[in-house]
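A.B. asks: Structure below; questions to follow.
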Amino acid sequence: MFGQYFITILILCGIWAVLTLSLNILTGYAGQVSLGHAAFFGIGAYTSALLTTRYSWSFWPAFLASIIITGLVGGFLGLPSLRVRHDFLVLATMGINFVMVGIFKYVDFFGGAMGIINIPKPSLWGIVFRGEKFLLLVLVYLAFTLWLCYYLSRRWAGLALRAVKSDEDAAEVCGISVARFKIYAFIISGALAGGAGSLYAHFLGSIFPDHFAFAESIVILSMLVFGGIGTIRGALLGAFLLKALPEYLRVVGDYRYTLYGGILVLMMLFQPMGIIGDKSWLWEKINAWLGRR
Amino acid sequence: MSSFLQILASGLVLGCIYILLAIGLTMVYGILQILHIAHAAVYTIGAAVGLGVFNLTGNFWLSLPVAMVAGGITGVLIYLGVYRKILDAPRIVPLITSIGLFMVAQDLLQKKWLLGPYMHAFPAQVGLPALRTPYLNLTSNEVLILTLTFLLLLAVYLIMNRTKIGLGWRASAQDRDMAAALGVNINQVIALNFLIGSILAAAAGVLVGVYYNKVFATMGDVPSYKAFVIIVLGGLGNIPGTILAGFILALAETFLVATVGFVLPRDAIAFLVLILVLMFRPKGLLGGS
């Protein structure tokens with residue numbers, strides 16, 4: 001029905017949508033800005049790739065393992081956030097990204113600069129997941145992520161995360177353990193990104209350290225900022241639009257990082273809430289048009 | 001003994017470069033509380049302009065000041081064009097803006113009509129004498145870096161402590177609104193702040209280009225990250241602390257690599273230092289309790 005190219009782009013959009021949504025849990029809900037999200041993505045990808053190629057695990061347990069391991073690493077890396085706030089946390093997350101890429105590049109176990117190749121496609125009962133079937137897998141994972149985000153935003157935990165975001169001291173006074181919820185946010189966010197990494201590794205078949213570099217963290221952040229920090233719809237729109245656009249527009253493709261960076265600057269100057277974030281110009285118009293409010 | 005001195009010297013040279021880059025960052029943080037990530041772009045632009053002028057004229061002593069001026073102008077333009085409009089926004093706003101600026105600058109520098117994705121040689125002859133003693137050898141480039149850093153730091157010290165605008169800077173760093181109420185021209189002070197910091201960063205870019213004989217578009221990544229570690233270590237906004245921290249990090253790196261070898265990627269040391277400092281002394285080494 002669809003061309004292969006279109007399906008590939010949808011798969012990539014779906015994976016980046018999960019990444020953006022998971023960053024949204026950390027940054028949008030809990031207010032912890034991370035510049036190292038690609039590190040979680042990379043840890044998930046490498047975990048799954050190593051388990052399947054070196055230890056001949058099949059995709060499914062490797063996928064689960066990469067979610068669990070990345071979640072644990074996320075929780076561990078969240079520890080500095082207990083001591084430091086705002087800007088300093090940003091530096092710590094940025095450093096995590098540099099170190100992670102450094103380790104992938106210079107430690108032979110992780111394949112060095114040559115990366116890991118020949119990562120098998122997932123299969124179940126003789127059916128190999130490629131093309132449309134792989135897209136289906138990605139969409140199922142995206143749906144799960146969406147459900148989790150929605151669930152979190154409706155539950156007490158989501159409320160607690162928002163309280164941590166707006167005022168840590170006040171949240172603590174109200175009996176919310178700021179430390180616990182920050183670590184929760186790091187674990188959930190990391191775990192989701194880890195799963196996305198696993199899917200990415202098995203989709204591409206080969207991964208290299210530079211796929212998960214600092215620049216990719218910025219790309220994910222700019223998708224979130226563009227759509228609207230703190231909203232599920234914004235994260236989805238940002239990821240799909242900004243991932244697909246450079247693929248279709250050649251000019252944009254050549255200057256994609258200029259585009260991503262420019263978006264960050266322009267959005268912050270003119271629409272800090274994002275294109276369709278709460279209280280943004282467009283979202284107010286849409287609401288007015290729908291006759292709500 | 002001689003090898004100890006030699007390692008010490010190369011650590012100090014590295015420290016000088018870190019410090020030149022970090023001073024601008026700590027000054028911006030001191031007065032605006034912004035993590036000025038785009039500072040790294042100024043460093044790379046400085047190196048690129050220096051290389052461009054050197055390739056045109058073949059004269060290093062012309063390319064250095066031109067690069068410094070270009071870097072200074074870039075820094076001031078970044079402030080006037082962008083940061084000035086969002087000074088009162090929540091802190092995440094200037095931070096994300098700064099990341100965006102850095103991203104744009106680096107992407108454009110990587111295009112073929114600027115630096116391109118290649119390494120460029122910067123084979124400048126500095127013309128300073130090399131230092132040769134039984135215990136210690138310094139190349140003329142190393143002599144250049146040590147002397148120039150000393151002179152630039154001296155200039156910054158004099159501006160900060162002996163001029164009226166330096167007084168305005170120190171007042172603004174303590175309390176911007178109060179300083180403004182007392183008649184300090186805040187806008188001028190901040191613009192000067194960016195000017196000085198960016199001039200130093202551009203100088204660092206040129207010096208690194210000549211020292212390692214290479215200039216490339218992403219050369220700002222790792223040093224700028226280390227500069228952040230240094231300003232945290234030095235206590236944000238604290239210039240003497242930054243100088244001390246710059247030497248400490250550079251010496252730690254140089255000695256660890258020389259004695260232990262490559263256990264960890266060299267750049268990971270800065271990160272471990274950062275995490276330890278953040279966990280145990282969040283206000284920096286010289287910071288108050």
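A.B. asks: In deg cm²/dmol, rounded to 500, what helix-only [θ] at 222 nm does the protein assembly as shown give when every DSSP H run of at least 4 residues adds -39500 (n - 2.57) and the total is split over its residues?
C.D. replies: -23500 deg cm²/dmol
A.B. asks: Please find the FRET efficiency linking A:Ala113 to B:Asn213, where r is the Cβ-Cβ separation and R0 is fixed at 25 Å, and quote it to the nearest 0.05.
C.D. replies: The value I calculate is 0.65.
A.B. asks: Sort A:203-209, B:100-106, B:148-154, B:197-203 by packing, meaning the average of other beta carbons within 10 Å per residue, with the highest value first. Please report the intermediate quantities before stating the final value.
C.D. replies: Values: A:203-209: 19.0, B:100-106: 24.9, B:148-154: 15.9, B:197-203: 30.4.
In decreasing order of mean packing, A:203-209, B:100-106, B:148-154, B:197-203 become B:197-203, B:100-106, A:203-209, B:148-154.
A.B. asks: Report the full-extension gain for the segment A:Ala288 to A:Leu136: residue separation times 0.36 nm, less the Cα-Cα distance, to one decimal in nm. Don't skip to the end; give the middle numbers.
C.D. replies: Working: separation 152, 0.36 × 152 = 54.72 nm, distance 3.57 nm.
Value of the extension gain: 51.1 nm.
A.B. asks: Between B:Thr163 and A:Leu124, what is the label-to-label distance in nm when each label sits 7 Å out along the Cα-to-Cβ direction?
C.D. replies: That separation, rounded to one decimal, is 6.9 nm.
A.B. asks: Could you work out, residue by residue across A:98-110, how many beta carbons of other chains sit within 10 Å of that residue's beta carbon, and then give the average as an integer?
C.D. replies: Mean shielding count: 3.
A.B. asks: Next question. Using a 10 Å cut-off on Cβ atoms, rank the peptides A:251-258, A:237-244, A:281-288, B:248-255 from the highest mean neighbour count down.
C.D. replies: Final packing ranking: A:237-244, B:248-255, A:251-258, A:281-288.
A.B. asks: Quick one: compute the contact order of segment A:4-289, relative version, from alpha carbon pairs under 8 angstrom and 6+ residues apart, as a percent. Before the final figure, lay out each step's value.
C.D. replies: On the way: 483 pairs, mean separation 95.5, N = 286.
RCO, segment A:4-289: 33 percent.
A.B. asks: Using θ = phi - 60° and the Karplus relation 6.51 cos²θ - 1.76 cosθ + 1.60, list the HN-Hα couplings for segment A:261-273 in order, rounded to whole Hz, with x at every Gly or Pro.
C.D. replies: 3J(HN,Hα) across segment A:261-273, in whole Hz: x, x, 4, 4, 5, 5, 4, 5, 6, 10, 9, x, 8.
A.B. asks: Quick one: Karplus J couplings for segment A:24-34, per residue in order, coefficients 6.51, -1.76, 1.60, θ = phi - 60°, nearest Hz, x for Gly and Pro?
C.D. replies: 4, 4, 6, 8, x, 7, 8, x, 9, 5, 10
A.B. asks: So, R0 is 60 Å and r is the distance between the beta-carbons of A:Leu266 and B:Leu136; what FRET efficiency does that work out to, to 0.05?
C.D. replies: The formula returns an efficiency of 0.70 here.
A.B. asks: Given H placed 1.01 Å from N in the peptide plane, which residues other than close sequence neighbours of A:Ile275 have an amide H under 5 Å from its amide H?
C.D. replies: So A:Ile275 has HN proximity to A:Gly227, A:Gly228.
A.B. asks: For a protection proxy built on the mean count of beta-carbon atoms within 10 angstrom, sort A:219-232, A:127-140 highest first, please.
C.D. replies: Numbers: A:219-232: 26.4, A:127-140: 15.9.
Averaged packing, sorted descending, gives the order A:219-232, A:127-140.
A.B. asks: To the nearest whole number, what is the average tally of beta carbon atoms from other chains within 10 Å of the beta carbons of peptide A:255-264?
C.D. replies: On the way: counts 4, 1, 6, 9, 3, 5, 12, 5, 3, 10.
That works out to 6 on average.
A.B. asks: Taking beta carbons within 10 Å but only from partner chains, what does the mean come to for residues B:104-112?
C.D. replies: Working: counts 10, 2, 4, 10, 4, 0, 2, 3, 0.
Whole-number average of other-chain Cβ neighbours for B:104-112 is 4.
A.B. asks: What do you get for trypsin sites (Lys or Arg not before Pro) in segment B:111-162 restricted to DSSP loop and a cutoff of at most 15 other Cβ within 10 Å of the site's Cβ?
C.D. replies: Sparse-neighbourhood loop trypsin sites (Lys or Arg not before Pro): B:Lys111, B:Lys112.
A.B. asks: So if I take the centroid of the Cα atoms in segment B:37-52 and the same for segment A:101-170, what is the distance between those two points in Å?
C.D. replies: Centre-to-centre distance over Cα atoms comes out at 36 Å.
A.B. asks: Taking R0 as 45 Å, what's the FRET efficiency between B:Leu5 and A:Leu79 from their Cβ-Cβ distance, rounded to 0.05?
C.D. replies: The formula returns an efficiency of 0.70 here.
A.B. asks: Of all trypsin sites (Lys or Arg not before Pro) in segment A:8-116, which ones are in loop regions per DSSP and have a Cβ with at most 15 other Cβ atoms within 10 Å?
C.D. replies: Sparse-neighbourhood loop trypsin sites (Lys or Arg not before Pro): A:Arg54, A:Arg85.
A.B. asks: Want the number for B:Trp113 to B:Ala155: 0.36 nm per residue separation, take away the alpha-carbon distance, what's left? Please report the intermediate quantities before stating the final value.
C.D. replies: On the way: separation 42, 0.36 × 42 = 15.12 nm, distance 3.56 nm.
Fully extending the segment from B:Trp113 to B:Ala155 adds 11.6 nm.
A.B. asks: Would you mind telling me which residue in B:Pro240, B:Pro123, B:Pro134 has the biggest mean-square fluctuation in a Gaussian network model of chain B, where springs connect alpha carbons within a distance under 10 angstrom?
C.D. replies: Residue with maximal mean-square fluctuation among B:Pro240, B:Pro123, B:Pro134: B:Pro134.
A.B. asks: Find the centroid of the Cα atoms in segment A:233-269 and in segment B:201-248, then give the distance between the two in whole Å.
C.D. replies: Spelled out, the Cα-based centre of one part sits 30 Å from the other.
A.B. asks: Measuring from label point to label point, each 7 Å out along Cα→Cβ, what is the A:Val251 to B:Phe255 span in nm?
C.D. replies: In this crude spin-label approximation the distance works out to 5.7 nm.
Each reported figure results from applying straightforward, stated rules to the coordinates on display, with no laboratory input. Given the structure is predicted, the values throughout are model-derived calculations rather than measurements. When we count neighbours, we look across all protein chains shown, and the Cβ atoms used for this are built from the backbone with ideal geometry, even at glycine.
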